[in-house]
Amino acid sequence: MAYDEVAAERVRKLLAGRSDVFEQMLMGCLCFMVRGHMCCAVSGRRAQLVRVGPDAPASVLGEPHCAPVEMRGRVMTGYVRVAPEGYETAAGLKKWVMRAVDFVATLPKRAKKAAKKTKAKAAKPRKK
């Protein structure tokens with residue numbers, strides 16, 4: 001599934017001044033990793049996934065255009081889904097992205113994982 005490229009570019013601009021950001025495709029979304037942790041993600045479903053932490057107040061879910069994240073029937077604790085109306089303005093997007101950045105800043109820094117190297121399988125001789 002493709003992600004919302006316009007929303008992704010807006011998030012990139014907000015995080016552009018940071019040296020600890022990289023992007024990674026996960027769960028069909030373009031995830032923005034900060035300090036080695038998933039911070040927020042842009043999906044093709046016209047929504048943004050925002051990491052607010054497991055101890056975020058329940059009032060966060062009461063905010064307009066915000067809902068719990070459910071994947072395969074399970075609610076993902078510590079994450080919320082924000083509808084496009086919640087981040088259509090620059091201020092709205094900044095509020096949600098900075099919430100995620102603030103939470104991730106409380107976590108210990110993790111190094112970016114190196115890409116896995118695949119070993120070529122040796123050809124097995126055929127049995128006759």
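Quick notes on this structure:
- Restricting the search to strands (runs of 3 or more DSSP E) fully inside the stretch 1-80 and requiring at least 3 residues that are under 19 Å from Arg110 (Cβ atoms) and of a type in the set (Gly, Ala, Ser) gives an empty result.
- Qualifying residue in the stretch 69-89 (condition: without any contact (Cβ under 8 Å) to a residue 12 or more places away in the chain, of a type outside the set (D, E, K, R) and within 21 Å of Ala7 (Cα to Cα)): yes
- Taking the criterion of being under 17 Å from Cys39 (Cβ atoms) and in a helix (DSSP H, G or I), the residues of the stretch 81-96 that qualify are Gly86, Gly92, Leu93, Lys94, Lys95, Trp96.
One line per residue, one yes/no per condition, for (1) open to solvent by less than 70 Å² (accessible area, probe 1.4 Å); (2) over 11 Å from the mean Cα position of the chain (by Cα); (3) of a type outside the set (S, T, N, Q):
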{"position": "Arg18", "(1), (2), (3)": "no, yes, yes"}
{"position": "Val21", "(1), (2), (3)": "yes, yes, yes"}
{"position": "Met25", "(1), (2), (3)": "no, no, yes"}
{"position": "Met33", "(1), (2), (3)": "yes, no, yes"}
{"position": "Gly36", "(1), (2), (3)": "yes, yes, yes"}
{"position": "Arg46", "(1), (2), (3)": "no, yes, yes"}
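- Positions within the stretch 69-86 being farther than 16 Å from Val97 by Cα and loosely packed, with under 14 Cβ neighbours inside 10 Å, in sequence order: Glu70, Met71, Arg72, Gly73, Arg74, Val75, Thr77
The values are calculated or read from the model by the stated rules, or taken from the named source; none is laboratory data. Here the structure is a predicted model, which means the values were calculated and not measured. Methodologically, a virtual Cβ is constructed for each residue, glycine included, from the backbone with ideal geometry; neighbour enumeration extends over all protein chains shown. Side chains are part of the model used for accessible areas, which takes the heavy atoms of the whole protein and leaves out ligands, DNA and RNA. Shrake-Rupley method; radii C 1.70, N 1.55, O 1.52, S 1.80 Å.
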